[in-house]
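What follows is calculated from the coordinates using simple rules that are stated; it is not laboratory data. Source: prediction; values computed, not measured. When we count neighbours, we look across all protein chains shown, and the Cβ atoms used for this are built from the backbone with ideal geometry, even at glycine.
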Amino acid sequence: MNQRRSPEEIIKGLQTTSDKIRDLARDNYDRTEISKILGIRYQHVRNVMLRSGLAGGLRREAEAEREPVEVDAAPAPSEDTAWTVLTDAGVQFIGEWTQDPESQIRLDAKAPAVPGVYAFIVDDIVVYVGLTLNGLRTRLDQYRRGHKSQKTNSRINGRISQTLSEGKKVKVLRGHTRADGVAGTPREHSGGARSRPY
């Protein structure tokens, strides 16, 4: 590996931050190192490097002491959870998602504004368990709108729309919150239900 000059030696006499960024990058300092050396944001370093045509600085090659080991990372199949597991644990039914003629989805009931755990049920099987700290009404409204820039909201909106267009019902359940108003983990307050990727 090449010996690098010290940062002080490289930036000595340079006037602008951009010049310092470029020279440090040319001397094989990566973006994170440069941002720490100069005490500036990583994004600033990135922008200067890209505008200067310096595409490197993302990572350096690491020399492995041994050959990489292949690992089978396939998840074990999980069993579906019936929605009765949740209702038996005290989780409450709120309502169902519906779809209007313009394919817009909406909830047929008013969700509570409190934070908590919630679940979506399709064909009496738990397909999604989530946790919101901002209030259930807000979270469900975000799913209803499904903004493209919000990946999860957009994905869930699409899945709900697809499920409804297949003629299936999507039920919404609400879990408990503690007396202090803060919800625990979804598994704590969802009766231990496992959900499928939705």
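Work out, step by step, the length gained on full extension between R26 and L54: first 0.36 nm times the residue separation, then minus their alpha carbon distance; give nm to one decimal.
9.3 nm
For V71 and R155, compute 0.36 nm times the residue count separating them, minus their Cα-Cα distance, and round to one decimal in nm.
Answer, rounded to one decimal: 27.3 nm.
With the dipole of the range 83-189 worked out from charges on the C-beta (+1 for Lys and Arg, -1 for Asp and Glu) around the Cα centre, which of V122, Q99, T132 lies farthest toward the positive end?
Of the listed residues, the answer is T132.
Restricting to Cα pairs below 8 Å that are 6+ residues apart, what does the relative contact order work out to for the range 83-189? Please round to a whole percent.
Result for the range 83-189 is 36 percent.
Given labels modelled 7 Å from the Cα in the Cβ direction, how far is it in nm from T17 to R144?
Spacing of the two 7 Å Cα→Cβ label points: 4.3 nm.
Which of S52, S161 comes first, and how do the rest follow, when ranked by fewest Cβ neighbours within 10 Å? Working shown, then result.
Working: S52 14, S161 17.
By the 10 Å Cβ count, ascending: S52, S161.
Can you give the charge dipole size of the range 83-189 about its Cα centre, rounded to the nearest 20 debye, using +1 on the beta carbon of Lys and Arg and -1 on the beta carbon of Asp and Glu?
400 debye
Would you please give the FRET efficiency between T98 and L133, computed as 1/(1 + (r/R0)^6) with r the Cβ-Cβ distance and R0 = 22 Å, to the nearest 0.05?
Calculated value: 0.25.
In the range 3-36, what GluC sites (Glu not before Pro) fall in a loop by DSSP, with at most 10 other Cβ atoms inside 10 Å?
Within the range 3-36, no GluC sites (Glu not before Pro) qualify (loop, at most 10 other Cβ atoms within 10 Å).
Taking every pair of Cα atoms in the range 83-189, average 1/r, invert it to obtain the Kirkwood radius, and report Rg/Rh to two decimals.
On the way: Rg = 13.3 Å, Rh = 13.9 Å.
Taking Rh as the inverse mean 1/r over Cα pairs, Rg/Rh reads 0.95.
Exposure proxy check: I10, I34 ranked by fewest other beta carbons within 10 Å?
Fewest to most other Cβ atoms nearby, the residues stand as I10, I34.
Provide the net charge surrounding R137, with neighbours chosen by a C-beta distance below 15 Å and charges set as Lys +1, Arg +1, Asp -1, Glu -1.
Spelling it out: positives minus negatives among the neighbours equals +4.
Give me the percent relative contact order of the range 59-129, please, defined on Cα pairs under 8 angstrom at least 6 residues apart.
Computed over the range 59-129, the figure is 26 percent.
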